[in-house]
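Novice: One structure, as structure tokens, below. Some questions next.
The numbers here are math on the coordinates, done by the rules we state, and not lab data. Source: prediction; values computed, not measured. Positions of Cβ are generated from backbone atoms using ideal geometry, with glycine treated the same way; all protein chains shown enter the neighbour counts.
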2 protein chains.
Amino acid sequence: MERKEVEETVIAENGKIEATPQKDGSICGFDSLHHLLQASLSPQLFQEVSRILLGLNCGKKVEPIALPQPVKSLSSEHDFDLQAFSFSADRESLRGPRIVRVGLIQNSISLPTTAPFLDQRRAIFKKLTPIIDAAGSSGVNVLCLQEAWTMPFAFCTREKKWCEFAEPIDGESTQFLQEFARKYNMVIVSSILERDVYHGETLWNTALIIGNHGNIIGKHRKNHIPRVGDFNESTYYMEGNTGHPVFDTAYGKIAVNICYGRHHPLNWLAFGLNGAEIVFNPSATVGELSEPMWPIEARNAAIANSYFVGSINRVGTEVFPNPFTSGDGKPQHADFGHFYGSSHFSAPDSSCTPSLSRHKDGLLISDMDLNLCRQLKEKWGFRMTARYEVYADLLARYVKHDFEPQVISDPLLYKNA
Amino acid sequence: MERKEVEETVIAENGKIEATPQKDGSICGFDSLHHLLQASLSPQLFQEVSRILLGLNCGKKVEPIALPQPVKSLSSEHDFDLQAFSFSADRESLRGPRIVRVGLIQNSISLPTTAPFLDQRRAIFKKLTPIIDAAGSSGVNVLCLQEAWTMPFAFCTREKKWCEFAEPIDGESTQFLQEFARKYNMVIVSSILERDVYHGETLWNTALIIGNHGNIIGKHRKNHIPRVGDFNESTYYMEGNTGHPVFDTAYGKIAVNICYGRHHPLNWLAFGLNGAEIVFNPSATVGELSEPMWPIEARNAAIANSYFVGSINRVGTEVFPNPFTSGDGKPQHADFGHFYGSSHFSAPDSSCTPSLSRHKDGLLISDMDLNLCRQLKEKWGFRMTARYEVYADLLARYVKHDFEPQVISDPLLYKNA
């Protein structure tokens with residue numbers, strides 16, 4: 001586990017940790033909440049606080065994993081955060097463990113957004129190469145990159161020139177990843193801006209699943225498109241038309257809930273009903289808008305649906321050539337705000353890993369026994385007690401124009417008012 | 001805001017807070033996570049940590065409210081935790097604020113479970129009287145008590161004698177609360193073990209809504225019944241048959257998601273679709289089972305459904321006359337574990353209040369402008385982007401026996417295995 005971030009924090013004479021000023025002007029000087037609390041509390045109390053914040057009840061543990069020295073060297077040489085943990089699960093009598101090593105990568109862009117687009121994309125490829133190598137060399141079985149990883153998250157600008165970054169699902173970025181998939185026998189989830197050349201060159205926000213032999217298993221298109229803050233994505237692509245597919249890979253059944261879809265419990269539910277054991281949430285989101293929600297929604301999804309969740313957010317601040325307004329009455333500005341990283345895993349037993357840095361590129365690895373999913377279904381019984389027929393009926397009525405909500409009014413309310 | 005709990009915590013010479021041993025043998029010495037961190041971090045860093053943990057982004061605040069001195073005196077005289085906060089909301093141009101003062105009460109039982117049942121119930125009435133008076137004297141408009149507040153949470157025993165505590169919805173406990181409702185012009189939500197005398201004396205886990213004139217507006221029966229740990233509630237009552245009613249009261253549209261229903265996102269959703277602005281979650285749950293989930297699920301529901309949530313959990317350890325086993329291979333024992341209190345409010349903008357004590361009776365009050373619900377619907381657009389028709393279709397298919405999950409298999413998976 002990387003501890004450098006803790007050492008960078010200033011500890012005042014009274015033993016309290018002080019905030020350090022950031023380049024982006026925020027008052028926030030800590031790299032992750034977990035590291036901050038670890039440096040601030042006694043070991044015994046830190047353990048108790050972790051029990052609640054990381055969900056480590058009943059003797060459950062999220063243990064650090066030792067990674068090979070060459071991987072650690074890649075991390076220090078290329079200056080990316082590297083953390084690895086294992087979730088615990090019970091041993092079963094009638095089936096062996098199904099332990100999968102899963103990786104998440106978060107990163108900032110590499111070149112300024114003013115550089116030629118081809119250079120920008122290839123610079124990201126170059127930057128990601130040692131991080132993907134670190135994942136492969138660590139024996140990662142399934143790796144997921146962040147949303148629209150091949151480009152700056154330019155949808156705040158409303159300029160259409162950024163559509164040039166869109167690629168067909170077998171484009172250059174896919175070919176780049178297919179090599180790693182083959183080299184490391186690794187499934188890779190790649191979330192890109194897709195150009196559907198078979199349907200009028202329409203654009204989609206798409207995750208594609210590259211199998212561990214480099215083959216393209218399939219794709220999923222983002223179901224829910226935001227209209228909030230500077231997330232003008234509805235200007236660029238429409239609601240996905242691929243349902244809620246679960247991909248049966250060499251290392252388990254996986255699905256992808258892209259970015260804003262994490263705010264929709266029904267979207268999470270649907271991947272669960274289709275049998276997902278790991279759901280990735282590749283995202284791009286900024287601190288001012290969503291940071292307090294970030295640790296809530298993914299963990300709730302993992303608990304409610306008895307599967308693992310891998311959450312990824314990009315890092316850094318992306319500055320665009322032309323300033324834009326944000327519909328908030330404030331002056332024009334040229335950046336989208338700070339993408340706060342903080343990628344992490346959540347488990348169905350309500351535990352989660354510490355998060356990657358809020359500021360640095362990073363690779364987060366977790367070992368997870370997929371048997372834990374069924375163990376939690378059996379312990380808590382959420383599927384059996386869900387009464388889906390009640391909700392099938394409610395939603396069927398709700399989507400009709402003549403839906404009448406079930407409201408019981410106080411008869412004295414209008415009489416005495 | 002009560003600070004006594006912080007002062008009871010031991011601060012060692014190195015400035016770090018140490019755990020203090022508890023009567024129940026746990027290593028946990030802090031009364032609430034919020035107070036612990038407040039005492040441990042510099043003000044600047046505490047503010048930043050609070051921003052994430054309490055969801056106070058974008059200048060949002062959860063401000064302490066000053067309560068009348070007689071109310072504070074009730075709190076110290078009767079030794080219950082007393083905290084009060086206000087959530088912020090924007091002023092609108094075309095409608096005035098709709099500020100409601102809402103209260104939550106958490107409490108332990110009063111007499112040993114071996115006392116005569118009538119004495120036990122009346123002792124709880126007596127214990128609650130000053131706390132309800134404190135709520136009424138603070139101008140609380142809507143008050144909610146904890147789940148099955150009239151009795152020990154005896155379902156761990158599987159003994160049927162505890163069914164004697166069941167009452168018709170106009171029984172003694174309702175009459176007790178109706179007086180307070182009239183006296184203080186206050187809506188009260190009362191969650192009891194209901195005996196349905198018109199349907200064969202069947203039992204239900206029921207919340208009833210007492211209007212501010214003391215009238216019974218209606219009732220809701222718990223939709224989802226747990227089968228986990230010692231929550232043998234399915235031995236005592238069945239899944240509710242009252243749908244997802246929203247009660248239109250003098251102070252807004254409220255609903256009740258009873259206890260285990262909080263693990264079901266669809267249950268939360270249904271109250272939202274029917275128009276709830278505040279959903280209460282009266283609960284009884286123990287630390288070993290659910291504490292890490294407690295801050296996650298309510299806040300997720302508030303965010304996803306754009307309404308306020310009031311979460312209540314009882315406090316203390318209840319010891320029963322006859323020891324029982326727990327289906328976990330461990331020796332018989334006579335208690336259900338520690339009910340960890342920690343009642344709190346969550347808002348649709350992802351903010352939440354600090355929690356009440358993990359150990360003491362308490363009253364938590366919050367002022368909330370119900371306009372915030374629609375403001376968040378408009379900001380985030382979750383209702384508009386929800387694509388309910390997709391999920392109506394999925395659930396309609398899912399509940400059929402011939403449902404086939406949407407799975408895309410790697411064609412190389414079985415070829416190369």
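Novice: Spin-label point model (7 Å from Cα, Cβ direction): what's the B:Thr325 to A:Ser93 distance in nm?
Specialist: Taking the two extended label points, one gets 1.4 nm.
Novice: While we're looking at this one, here's another question. Put +1 on the Cβ of every Lys and Arg and -1 on every Asp and Glu Cβ in chain B; which of B:Leu370, B:Phe165, B:Gly214 then has its Cα farthest towards the positive end of the dipole?
Specialist: Final value for the positive-end residue is B:Leu370.
Novice: Nearest 5 percent is fine: what portion of the DSSP beta bridges confined to the protein assembly as shown is antiparallel?
Specialist: 60
Novice: Considering every residue in A:269-276, what mean count of other chain Cβ atoms within 10 Å of its Cβ is obtained?
Specialist: Across the residues of A:269-276, the mean count of other-chain Cβ atoms within 10 Å is 5.
Novice: Using a 10 Å cut-off on Cβ to Cβ distances, tally the other chain neighbours for every residue of A:135-144 and report the average as a whole number.
Specialist: 0
Novice: About its Cα centre, what dipole magnitude does the range B:129-194 give when the only charges are +1 on Lys and Arg Cβ and -1 on Asp and Glu Cβ, stated in debye to the nearest 20?
Specialist: Using only the charged Cβ atoms, the result is roughly 100 debye.
Novice: Quickly work out the A:Lys72-to-B:Asn215 label distance, labels modelled 7 Å from Cα along the C-beta direction, and quote it in nm with one decimal.
Specialist: Label at B:Asn215, label at A:Lys72, 7.2 nm between them.
Novice: Now, a different point. How high is the relative contact order of the range A:62-380, in percent, counting Cα pairs under 8 Å that sit 6 or more residues apart?
Specialist: Once divided by the residue count of the range A:62-380, the mean separation gives 23 percent.
Novice: Kirkwood Rh over alpha-carbon pairs of the protein assembly as shown, then Stokes-Einstein at 4 °C and 1.567 mPa s: what D in µm² s⁻¹, rounded to an integer?
Specialist: 47
Novice: May I ask you to evaluate 6.51 cos²θ - 1.76 cosθ + 1.60, the Karplus curve with θ = phi - 60°, for each residue of the range A:121-134 and list the ³J(HN,Hα) values in order in whole Hz, giving x for glycine and proline?
Specialist: So the J values, rounded to whole Hz, are 4, 5, 5, 5, 3, 5, 5, 6, 3, x, 6, 5, 4, 4.
Novice: Would you work out the charge dipole size for chain A about its Cα centre, treating the Cβ of every Lys and Arg as +1 and the Cβ of every Asp and Glu as -1, and quote it to the nearest 20 debye?
Specialist: 800
Novice: Continuing with the same structure: Inside 10 Å of the C-beta atoms of A:293-303, what's the mean count of C-beta atoms belonging to other chains?
Specialist: The shielding value for this peptide is 6.
Novice: Report, for B:Asp79, each distance to the same residue's label point in the other copies, shortest first and in nm; define the point 7 Å along Cα→Cβ.
Specialist: Shortest to longest, the spacings are 5.8 nm.
Novice: With springs only between Cα atoms under 10 Å, which of B:Glu159, B:Glu239, B:Glu389 fluctuates most in a Gaussian network model of chain B?
Specialist: Highest fluctuation among the options: B:Glu389.
Novice: Suppose every K and R has +1 on its Cβ and every D and E has -1 on its Cβ; what is the size of the dipole of the protein assembly as shown about the Cα centre, in Debye to the nearest 20?
Specialist: The calculation lands at about 880 debye.
Novice: Which far-off residues, 5 or more places away or on another chain, put their amide H under 5 Å from the one on A:Glu167, with H placed in the peptide plane?
Specialist: A:Leu193, A:Glu194, A:Arg195
Novice: What does the highest-first list of B:287-295, A:250-258 look like by mean Cβ count within 10 Å?
Specialist: A:250-258, B:287-295
Novice: Tell me which residues come under 5 Å, amide H to amide H, from B:Ser409 once H is placed; ignore anything under 5 positions away on its chain.
Specialist: A:Asp248
Novice: Now, a different point. Sorting check: for B:372-385, A:345-358, A:213-226, which peptide has the highest mean count of neighbouring beta carbons within 10 Å, and how do the rest follow?
Specialist: Per-residue Cβ counts within 10 Å, averaged per peptide and sorted highest first, yield A:345-358, A:213-226, B:372-385.
Novice: Could you compute Rg(Cα) / (2.2 N^0.38 Å) for the range B:62-380, with N its residue count?
Specialist: Working it through for the range B:62-380, the quotient is 0.94.
Novice: Could you list the chymotrypsin sites (Phe, Trp or Tyr not before Pro) in the range B:126-203 that lie in coil according to DSSP, counting only those with at most 15 other Cβ atoms within 10 Å of their Cβ?
Specialist: B:Tyr198
Novice: Ok, one more. Please give the net charge around A:Thr249, taking every other residue with its beta carbon less than 15 angstrom from that of A:Thr249, where Lys and Arg add +1 and Asp and Glu add -1.
Specialist: Around A:Thr249, the charge tally is +3.
Novice: Taking +1 at the Cβ of each Lys and Arg and -1 at the Cβ of each Asp and Glu, which of A:Val390, A:Thr150, A:Phe87 sits farthest along the dipole of chain A towards its positive end, judged by Cα position relative to the Cα centre?
Specialist: Of the candidates, A:Val390 comes out farthest on the positive side.
Novice: A further question follows. Cut-off 10 angstrom, C-alpha nodes, Gaussian network model of chain B. Which of B:Gln406, B:Gln83, B:Gln146 fluctuates the most?
Specialist: Comparing B:Gln406, B:Gln83, B:Gln146 in a Gaussian network model of chain B, the most mobile one is B:Gln406.
Novice: While we're looking at this one, here's another question. Take the residue pairs B:Lys222/B:Lys253; A:Lys126/A:Lys183; B:Lys183/B:Lys360 and return only those whose Cα atoms are more than 21 Å apart.
Specialist: B:Lys183/B:Lys360
Novice: Right, next: In whole angstrom, note down how far apart the Cα centers of the range B:76-139 and the range B:212-289 are.
Specialist: 18
Novice: Which percent, to the nearest 5, of DSSP beta bridges fully inside chain A are antiparallel?
Specialist: Among the beta bridges of chain A, antiparallel pairing accounts for roughly 65 percent.
Novice: Another question, then. Taking the label point 7 Å from Cα in the Cβ direction, how far apart in nm is B:Gln44 from each other copy of itself, listed shortest first?
Specialist: Its label point is 3.2 nm from the equivalent points in the other copies.
Novice: While we're here: Between the range A:319-375 and the range A:382-417, how far is it from one alpha carbon centroid to the other, in angstrom?
Specialist: Cα centroid to Cα centroid, the span is 35 Å.
Novice: Please identify which residues in the range A:156-182 have an amide N closer than 16 Å to a label point set 7 Å out from the Cα of A:His199, following the Cα→Cβ vector.
Specialist: Flagged as within label range: A:167-170.
Novice: Measure off 7 Å from each Cα along the Cα-to-Cβ vector at B:Ala39 and A:Lys183, then give the distance between these two points in nanometres to one decimal.
Specialist: 5.3
Novice: Okay, next question. List the distances, in nm to one decimal, from the label point of B:Arg182 to the label points of the same position in every other copy, shortest first, placing each label point 7 Å from Cα along the Cα-to-Cβ direction.
Specialist: Copy-to-copy label distances for B:Arg182: 8.4 nm.
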